[in-house]
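Report on the following structure.
None of the figures in this text is laboratory data; all of them are computed from the coordinates on show. What you see is a predicted model; the values in this text were computed from it and never measured. Neighbour counts run over all protein chains shown; Cβ positions are idealised from the backbone, glycine included.
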Amino acid sequence: MSRAEIAVLTLMLSLNHPLSAQRPVDVDDLARVRDVSDPQLSPDGAWVAYTVSVPDTAKDKDDTDLWLASWDGAQQIRLTRSPAGEHAPRWSPDSRYIAFLSDRDDPHEVAQLWLLDRAGGEPERLTNLPGGVSDLAWAPDGLRLALIASDSNPNAKAPGDSSTKAPKPIVIDRFQFKKDETGWLSAQHNHLYLFDLATRTATLLLPGDYDEAAPSWSPDGRSIAFVSRRRPEFDRTDNYDLYVVGATPGAEPRQLTTFEGPDLDPEWGSRAPAWSPDGTQIAYVRGGPLALLYYAGQKVAVVPAAGGPARVLTGALDRNVLSPTFSSDGSQVFFLLEDDRVYHLAQVPAAGGAIERLVEGERALTELSVVRGGRIVVASSGTSAPTSGSTGTACWLMRRHIGP
């Protein structure tokens, strides 16, 4: 595929010192660094929605807001200013609305689904789910969304309850009982919901004692792919598998992958499973053998949506991969390729073949978004704009057009 356009949209929201005034970085400088992340191309390819996080030293947390940038890089527009913060911007199929998550105005301080009309007006809160929403995906018809929402926390205090009574005793009744950053694990689970925009109602699609993650709609809007460990004693392994379920209450999920290792492990931070434009294939990240833990390599794989054996596209590659997604014509699978502690943009034919690196050099790519017409946007960082991550440092966006 030829490269018709390569350009860089630089959002240098970090240190403001000119290069001629170089000096050692101090603590105050770190508090002024901005973290740019989660770029999302609008379906019409005209705009990029993204988040900018600002350290709040008084509250010891980041304040994250939504921004827009035009494809040509001429405009950057701040969309939100809530101190509660917003994240996960996702475009409606007609490019008019942006759905996002925020815990603003929520008595339990859990994230809910919000909707912003780019034509103007204040964002509208759409959900009031007790356990909060952690992920979302628009249906192709623009009338529904798939949500991942949690059960309510049994130890959560009612709004206005200022009592200091001791919490309920911790009862351990599962194999994995504690998790880094989360703490003690209870009987709460993350479930797949179907949200109807017209009625503003959320319907539980998959009840039970399992967790679902990473929802992704089929191009015809009839099915939703997701990741789960739907098996007895699922807590005893990290063997995630890919499933598909009809987008109607009561539908039974179908297991697509059977590899005895993680298929699209959500702990690795990879994107949701990616459908081919014709809806016949799903691309995802296959992990390695469970016995190798974090030393197992990750591969780009595709599996038929109707069922059948999966095919690994990067079997000979001795590097980890992230975030595979199909090109707009379905002929290629783009992905992030790890090499020498950073990730580059690469592609491999969907039918199998040689891997081609599209973006290299002294930069690290962390996220990508692809839309029709061959436009790709990635979150990138280099030596003059440190990588984004838990340290709250800066990054910039690079946009790229790939097509005939």
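In a simple Cβ point-charge model (Lys, Arg +1; Asp, Glu -1; nothing else charged), the range 207-269 has a dipole of about 280 debye relative to its Cα centre. Quick check for the chain: number of Lys pairs with alpha-carbon distance under 29 Å, counting only pairs 8 or more apart or on different chains? Lysine pair count for the chain: 20.
Diffusion coefficient (Stokes-Einstein, Kirkwood radius over C-alpha pairs, 37 °C, 0.692 mPa s) for the range 108-257: 192 µm²/s, rounded to a whole number. Projecting the Cα atoms of T57, A99, Y284 onto the charge dipole of the chain, computed from C-beta unit charges around the Cα centre, puts Y284 farthest toward the positive end.
Taking amide hydrogens as placed 1.01 Å from N in the peptide plane, the amide H of Y343 sits under 5 Å from those of L365, each at least 5 positions away in sequence or on another chain.
Counted by neighbouring Cβ atoms within 10 Å, the residues E181, E267, E86, E260 run from fewest to most as E181, E260, E267, E86.
Provide the three semi-axes, in whole Å and in decreasing order, of the ellipsoid equivalent to the chain as defined by the square roots of 5 times the Cα gyration tensor eigenvalues. List each step's numbers first, then the result.
Working: eigenvalues 186, 166, 102 Å².
Listed largest to smallest, the semi-axes of the chain are 30, 29, 23 Å.
Projecting the Cα positions of P39, T258, S327 onto the charge dipole of the chain (unit charges on Cβ atoms of Lys, Arg, Asp and Glu, taken about the Cα centre) puts S327 furthest along the positive direction.
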